[in-house]
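The values are calculated or read from the model by the stated rules, or taken from the named source; none is laboratory data. On a predicted model such as this, the values are computed, not experimentally measured, just so you know. Quick reminder, even Gly has a Cβ in these numbers, built from the backbone with ideal geometry, and neighbours come from all protein chains shown. Areas reflect the complete protein model, heavy atoms only, side chains present, ligands, DNA and RNA absent. Shrake-Rupley method; radii C 1.70, N 1.55, O 1.52, S 1.80 Å.
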Amino acid sequence: MKPFEKILQDNKEWAAREVEADPDYFKRLVELQSPEILWIGCSDSRVPADKITCTQPGEIFVHRNLANMVVHTDVNLLSVLDFAVNQLHVKHVIVCGHYGCGGIKAAMGNQDYKQVLNMWLRNIKDVYHLYQEELNAITNDDKRTDRLVELNVKEQVGHLAQTSIIQRAWKNNNSPHLHGWVYALKDGLIKPVFDMPAGSRIDPLYEFENL
Ligand SMILES: [Zn+2]
């Protein structure tokens with residue numbers, strides 16, 4: 001059986017099991033979506049958002065990309081953020097990176113990955129550049145990568161706060177709370193590394209007036 005055929009078969013069996021355990025399971029999900037959390041994670045197949053958080057369908061709204069980036073020109077990310085904040089009224093936005101992230105490692109090297117990957121990785125290189133003094137002082141390669149994973153999450157949370165979407169929501173609803181987490185592949189545990197409650201101060205350069 002090919003991998004995609006196995007997935008289709010597993011899907012049938014899973015749907016049947018859910019209905020057997022709870023006949024209204026899908027009926028309820030069709031009628032209502034009210035997640036309180038927006039998850040911005042890495043596309044890495046080893047970091048499935050619902051599995052590592054033990055959340056059920058309907059509980060978290062998810063966006064994933066290479067190295068869990070919040071790029072201010074990324075229409076995809078911004079659309080998800082806008083919808084989650086203004087339509088779903090999520091209370092929390094979590095940016096979750098992970099140690100050993102391939103995107104972070106790639107950005108720390110000098111290989112030419114061609115466009116468009118070079119373009120994407122450049123955003124991570126810019127985070128390294130911001131913290132190069134601290135990072136260059138770490139002699140162990142794995143530790144330096146892990147530290148960049150943490151600093152990258154912190155920066156991406158900061159990028160969220162720089163959007164007019166978040167600033168308007170903070171002003172009008174005193175929500176959502178922004179979180180930066182890092183997941184460890186080696187033990188499955190999540191470490192909170194940074195957070196910004198609604199109303200946190202940001203660099204005035206990025207503040208919008210007349211929201
Ligand atoms: Zn990753």
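See the values below:
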{"item": "Top-ranked residue in the range 165-184 [being among the aliphatic types (A, V, I, L, M) and touching a helix residue (DSSP H, G or I) at 6+ places or on another chain (Cβ under 6 Å); ranked as nearest to Ile52 (Cα to Cα)]", "result": "Val182"}
{"item": "Those residues of the range 25-58 which are at pLDDT below 95, open to solvent by 80 Å² or more (accessible area, probe 1.4 Å) and outside any helix (DSSP H, G or I), in sequence order", "result": "Leu32, Gln33, Gln56"}
{"item": "Scan of the range 59-78 for residues that are more than 28 Å from Lys125 (Cα to Cα) and open to solvent by 60 Å² or more (accessible area, probe 1.4 Å), ordered by number", "result": "Glu59"}
{"item": "Total residues in the range 154-164, condition open to solvent by 20 Å² or more (accessible area, probe 1.4 Å), polar (S, T, N, Q) and out of contact with any helix residue (DSSP H, G or I) (no Cβ under 6 Å at 6 or more places or on another chain)", "result": "1"}
{"item": "Residue within the range 77-92 that is within 16 Å of the ligand (Cβ to nearest atom) and within 30 Å of Leu32 (Cα to Cα) present", "result": "yes"}
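Here is a yes/no grid of residues against (1) open to solvent by 20 Å² or more (accessible area, probe 1.4 Å); (2) in contact with a His (Cβ under 9 Å, 6 or more places away or on another chain); (3) assigned to a helix (DSSP H, G or I):
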position	(1), (2), (3)
Ala84	no, yes, yes
Gln111	yes, no, no
Ile138	yes, no, no
Asp142	yes, no, yes
